[in-house]
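Peer 1: Quick one: structure below, then a few questions.
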Amino acid sequence: MEEEKSKSKEEDSKEPKPKKPEISAKPYTKLTTPAAKITSWIEVPIKELREFCDYEIKYENIKPDDIICPICRMDYYDDMLTLAPEKIEELNNLMISGKKKIGVVLFSRCKNHFYHKDCAENLVKNKKCVKCAVCSGIYGIFEGDMPKGTMNVQTSKSMHCSGYSNCGTIIINYSIPGSMRKNVRYYGTSRTAYLPDNKEGREVLALLRKAFDRKLTFTVGTSVTTGQPNAVVWSGIHHKTSLEGGTSCYGYPDPTYFSRVKEELAARGVFPDS
């Protein structure tokens, strides 16, 4: 009984976990370099980074030795974790006033993957796209190896995806003819996919169009269904090829389809704004 009371007192005396500090997106300098433009990076002065890292060490069990740039494996700012608060404040004021360089950046869609600014520049160089070295998130325009083909879209008010009887249907017709690549013949394909003709369906359609234009929808490989090698096959962005039948028939209803396909598109760098 006494032990239970003691445990209860200990739990009551524990400091409540505060909200994790957020990195502000203040534009200290213009995004003029290739790396800055591709990643839309956020510059991180020393005070913000110190507060963020102190939180991770105290509440998320991150080891101080692991708080380093993922490229060069060096400290973000020299002795940042051991500097006195007044020194942090002094350096921070110099940085935000432009008298000292802000040397650390956070890629815009990454939550806590920081880089030295110079390391980020070297990572990007003259590339059209780059992957975050930590989470592999894609920034810029990533293109696949899909052969030439067409994507035609039409709508029908009389057809309905199961579960969407209140709207019509978007019909996507893909055609990728067979041809030769590197002196090897590959076999083409034609596929039809469906989306409900509502706001979310149209949003996904716009993303699928981007993916197709970037040659990400199909690739050449071995067909899972027929075993045919050198065939045009889906490249991992799932489509609904049936109006009904649920997930087992690649159709509707499927409550999580939109969120899943958006995640698949995002993993290939396809976003509404990029």
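The values are calculated or read from the model by the stated rules, or taken from the named source; none is laboratory data. Fair warning: this is a prediction, and the values are worked out from it, not measured in the lab. Counting neighbours? That spans all protein chains shown, and the Cβs are built from the backbone with ideal geometry, glycine included. Calculation scope for accessible area: heavy atoms of the full protein, side chains included, ligands and nucleic acids excluded. Shrake-Rupley method; radii C 1.70, N 1.55, O 1.52, S 1.80 Å.
Peer 1: What is the angle, in °, between the Cα long axis of helix 257-266 and the longest principal axis of the Cα atoms in the chain? Nearest 10 is fine, range 0 to 90.
Peer 2: Roughly 70 degrees between the two axes.
Peer 1: Provide the packing ranking of 208-220, 192-204, i.e. peptides ordered by the mean count of other C-beta atoms within 10 Å per residue, highest first. It would help to have the intermediate numbers written out before the result.
Peer 2: Working: 208-220: 19.9, 192-204: 18.2.
Order by mean packing, descending: 208-220, 192-204.
Peer 1: Just to confirm, what accessible area per residue do you get for region 32-187 at 1.4 Å probe, in whole Å²?
Peer 2: On the way: 8930 Å² over 156 residues.
It amounts to 57 Å² per residue over region 32-187.
Peer 1: Take Asp213 and Asn93, extend 7 Å from each Cα along the Cα→Cβ direction, and tell me the distance between the two endpoints in nm.
Peer 2: If labels sit at Asp213 and Asn93, their model points lie 4.9 nm apart.
Peer 1: Here is a further query. Nearest 10 degrees, 0 to 90: what angle lies between the long axis of helix 2-13 and the longest principal axis of the chain (Cα atoms)?
Peer 2: The answer is roughly 90 degrees.
Peer 1: Sort region 211-274 into rounded, prolate or oblate with this rule: let a ≥ b ≥ c be the square roots of the eigenvalues of the Cα gyration tensor; rounded if a/c is under 1.5, and if a/c is not under 1.5, prolate when a/b is larger than b/c, oblate otherwise.
Peer 2: Working: a/c = 2.68, a/b = 1.06, b/c = 2.53.
Oblate is the answer for region 211-274, as a/c is 1.5 or above yet b/c matches or exceeds a/b.
Peer 1: For region 99-112, just list the computed ³J(HN,Hα) in residue order, Karplus coefficients 6.51, -1.76 and 1.60, θ = phi - 60°, integers in Hz, with x standing in for Gly and Pro.
Peer 2: Coupling constants for region 99-112: 7, 9, 5, 7, x, 10, 10, 10, 4, 4, 9, 9, 7, 8 Hz.
Peer 1: Please give the helix 199-213 orientation as an angle from the longest Cα principal axis of the chain, in degrees from 0 to 90, rounded to the nearest 10.
Peer 2: Tilt of helix 199-213: around 80 degrees.
Peer 1: I want the local charge near Ser248. Using Cβ-Cβ distances under 14 Å, sum +1 for each Lys or Arg and -1 for each Asp or Glu among the other residues.
Peer 2: On the way: positive: Lys240; negative: Glu244, Asp254.
Summing Lys and Arg as +1 and Asp and Glu as -1 gives -1.
Peer 1: Take Glu121, project a point 7 Å from its Cα along the Cβ direction, then tell me which residues of region 24-53 have their backbone nitrogen under 18 Å from it.
Peer 2: Zone members listed by number: 28-45.
Peer 1: A follow-up question, please. What list of ³J(HN,Hα) values in whole Hz, one per residue of region 117-131 in order, does the Karplus curve 6.51 cos²θ - 1.76 cosθ + 1.60 (θ = phi - 60°) give from phi, with Gly and Pro shown as x?
Peer 2: Per-residue couplings from phi come out as 4, 5, 5, 5, 4, 5, 5, 8, 6, 9, 6, 7, 8, 8, 9 Hz.
Peer 1: What full-extension length gain, to one decimal in nm, is calculated for Lys111 and Ser259 as 0.36 nm per residue of separation minus the Cα-Cα distance?
Peer 2: Taking Lys111 through Ser259 to full extension adds about 51.3 nm, to one decimal.
Peer 1: Charges on Cβ only, +1 for Lys and Arg, -1 for Asp and Glu, centred on the Cα centroid of the chain; of Leu31, Ile171, Tyr186, which one is farthest towards the dipole's positive end?
Peer 2: The Cα lying farthest towards the positive end belongs to Tyr186.
Peer 1: Fully extended, how many nm does the chain gain between Ser136 and Thr241 (0.36 nm per residue separation, minus their Cα-Cα distance)?
Peer 2: Working: separation 105, 0.36 × 105 = 37.80 nm, distance 2.92 nm.
Taking 0.36 nm per residue and subtracting the Cα distance, the gain is 34.9 nm.
Peer 1: Right, here's the next one. Over all directions, average the projected area of the Cα convex hull of the chain and note it in nm².
Peer 2: Hull-based average projected area comes out at 23.1 nm².
Peer 1: With Cβ to Cβ distances under 14 Å as the rule, what net charge do the other residues near Thr33 carry (K, R +1; D, E -1)?
Peer 2: Working: positive: Lys30, Lys37, Lys101, Lys117, Lys125, Lys127; negative: Glu43, Asp118, Glu121.
Summing Lys and Arg as +1 and Asp and Glu as -1 gives +3.
Peer 1: Another question, then. If I take R0 = 25 Å and measure r between the Cβ atoms of Glu86 and Leu31 in this structure, what FRET efficiency does the formula 1/(1 + (r/R0)^6) give, to the nearest 0.05?
Peer 2: Details: r = 32 Å, r/R0 = 1.28.
The value I calculate is 0.20.
Peer 1: With charges only on Cβ, +1 for K and R and -1 for D and E, what is the dipole size of the chain about its Cα centre, in debye, rounded to 20?
Peer 2: Working: 42 positive and 35 negative charges, 352 e Å.
It works out to roughly 1700 debye.
Peer 1: Taking 0.36 nm per residue of sequence separation and subtracting the Cα-Cα distance, how much length would be gained by fully extending the chain between Tyr55 and Thr225, in nm to one decimal? Could the numbers behind the result be given before it?
Peer 2: Working: separation 170, 0.36 × 170 = 61.20 nm, distance 5.00 nm.
Length difference between fully extended and current span is 56.2 nm.
Peer 1: Could you look at the chain and say what percent of its accessible area is carbon and sulfur, using a 1.4 Å probe and all protein chains? Provide the component values of the computation, followed by the final result.
Peer 2: Values: 8360 of 16450 Å².
Carbon plus sulfur share of accessible area: 51 percent.
Peer 1: Moving on to the next point. Give me the net charge for the shell around Asn166: Cβ to Cβ below 14 angstrom, other residues only, Lys and Arg +1, Asp and Glu -1. Can you show the working numbers first?
Peer 2: On the way: positive: Lys157, Lys199; negative: Asp197, Glu200.
My count for the surroundings of Asn166 gives 0.
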